[in-house]
Amino acid sequence: MIAKPLYTATPVYKSYATSKQTNAEVFYKMECYQPSGSFKIRGMDVLVNDLVGKGHKKVVASSGGNAGYSLAYIGQQRGIAVHLVVPKTTSEYMINKIKLVGAQVDVFGENWDDANLYATDISEKYNLPYVPPFDHPLLWKGHSTIIDECALQMSEPDKVVVSVGGGGLLCGIFEGLLRNKWNKVKVITAETEGAASFAKSFEANRLVKLNEVNTIATSLAAKQVVLQSLQYANRFEVEPYVMSDKTAFTGCQDFFKEFHTLVEPACGAALSFARNNVVKQGEKIVVIVCGGVNMGIEKYLEYVKTFS
Ligand SMILES: *Cc1c(COP(=O)(O)O)cnc(C)c1O
């Protein structure tokens, strides 16, 4: 039985503010309006359905961010138990949000690597499926539906702007572009300077692992991208866009002013592209507004202070 998707078809809205500033036509694919506040729900829904079909009733994962939150939400909706191991660096804000949708949360380790090791231990010991945050073909398959929807909502753009953490979203975008024959679209990959794992790998044309990541765009803080993202990149025109944390945050501010919605700096990264780059008059750009719930009004105001 194919379950009804838990993700929603999101609108594409024109950004009149950014279009006016840039003389381009800038459109936003509003993934921030997913019930879990980010695109992550698309891939998680497909992956969890597969696990449910195989008879699993409980899963384990190690994300204290949007992957964990989307997984917890889906677990609640589908009646699957979700056990998350998150590092001590995870905010109370996120832990409370995740617990609110019914997941079990254990805080373990100083960083994500430690928490992740513990999660994989639990997975092996209790024979529970481990759900990764970005490295799985079924996640990419789910994310690719973003472009299926865009193809019904707008004509082929010149550029698509997408934030890159571990590259799961990027793989989904590439798959969607291929399936819908949007082959000539230029793909702009947005990352902050402190987490430019895709840009570094793309330049070197091989996987490069960063020694450390340091950015307010915590959802982009993967030391290494998935290999598949580089392989797909060879089939498109790709341009890495790397910006400061401050510039990424201006993307959040512009978006808040125009659409009255908070998104994470990870999303601000992509939103900041058009304003900070020379774009052609009338060029059609679609930005994947990937969203993110790890951004309350307190944090927003704190960043306003930090970057003023
Ligand atoms: C997960 C996430 C990203 C990055 O996605 P990857 O698949 O790891 O590249 C970007 N923005 C937000 C809001 C996210 O939750």
* Asked: How big is the antiparallel share of DSSP beta bridges in the chain, given as a percent to the nearest 5?
  -> 10
* Asked: Tell me, in nm to one decimal, what length is gained between Tyr126 and Lys246 on full extension, where the rule is 0.36 nm per residue of separation less the Cα-Cα distance?
  -> 38.9 nm
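Mind giving me the FRET efficiency for Gln76 and Asn23? R0 is 51 Å, r the Cβ-Cβ distance, nearest 0.05 is fine. Provide the component values of the computation, followed by the final result.
Details: r = 45 Å, r/R0 = 0.88.
Efficiency for this residue pair is about 0.70.
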* **Inverse of mean 1/r across different Cα pairs in the range 40-131, Kirkwood, Å** => 12.8
* Convex hull (Cα only) mean projected area of the range 90-165, reported in nm² to one decimal -> 7.6
* Relative to the first principal axis of the alpha-carbon coordinates of the chain, what is the inclination of helix 66-78, with its axis defined by its Cα atoms, in degrees from 0 to 90 and to the nearest 10? -> 60
* Asked: Which angle from 0 to 90°, rounded to the nearest 10, does the C-alpha axis of helix 168-179 make with the longest principal axis of the chain?
  -> 60
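Show me the ranking of peptides 142-155, 119-132, 267-280 by mean Cβ neighbours inside 10 Å, starting with the highest.
267-280, 142-155, 119-132
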* Asked: Once the Cα atoms of helix 297-306 and of the chain are each reduced to a long axis, what angle between those two axes, in degrees from 0 to 90 to the nearest 10, is obtained?
  -> 50
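Mind putting a number on the dipole of the range 40-131 about its Cα centre? Charges go on the C-beta only, +1 for Lys and Arg and -1 for Asp and Glu, and I need it in Debye to the nearest 20. Intermediate values should be presented prior to the final figure.
Working: 10 positive and 9 negative charges, 91 e Å.
With only Lys, Arg, Asp and Glu charged at Cβ, the dipole is about 440 debye.
Determine the gain in length on full extension of the stretch Asn111-Arg179; use 0.36 nm per residue of separation and subtract their C-alpha separation, reporting nm with one decimal. Don't skip to the answer; put the middle values down first.
Details: separation 68, 0.36 × 68 = 24.48 nm, distance 3.75 nm.
In short, 20.7 nm is gained.
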* Give a residue-ordered list of calculated ³J(HN,Hα) values for the range 26-33 (Karplus: 6.51 cos²θ - 1.76 cosθ + 1.60, θ = phi - 60°; whole Hz; x for Gly, Pro). => 10, 10, 10, 8, 7, 5, 5, 8
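Treating the beta-carbon of each Lys and Arg as +1 and of each Asp and Glu as -1, no other charges, what is the dipole magnitude of the chain about its Cα centre, to the nearest 20 debye?
It comes to approximately 620 debye.
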* Cα gyration tensor of the range 170-308, axes a ≥ b ≥ c as square roots of the eigenvalues: rounded (a/c below 1.5), prolate (a/b > b/c) or oblate? -> oblate
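Just subtract the alpha-carbon distance of Lys58 and Arg235 from 0.36 nm times their residue separation and send over the number in nm, one decimal. List each step's numbers first, then the result.
Values: separation 177, 0.36 × 177 = 63.72 nm, distance 3.77 nm.
Result: 59.9 nm gained on full extension.
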* Convert each backbone phi in the range 88-94 into a coupling constant with the Karplus relation 6.51 cos²θ - 1.76 cosθ + 1.60 (shift: θ = phi - 60°), then list the ³J(HN,Hα) values in order as whole Hz, x for Gly and Pro. => 4, 6, 5, 6, 4, 3, 6
* Convex hull per residue volume in Å³, alpha carbons only, for the chain -> 124
* **Spatially near lysine pairs across the range 18-118, Cα under 20 Å, sequence gap of 8 or more or different chains** => 10
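Coordinate-derived values only; no laboratory data. All values derive from a computational prediction rather than experimental measurement. Glycine gets a Cβ as well: all are built from the backbone with ideal geometry, and neighbour counts include every protein chain shown.
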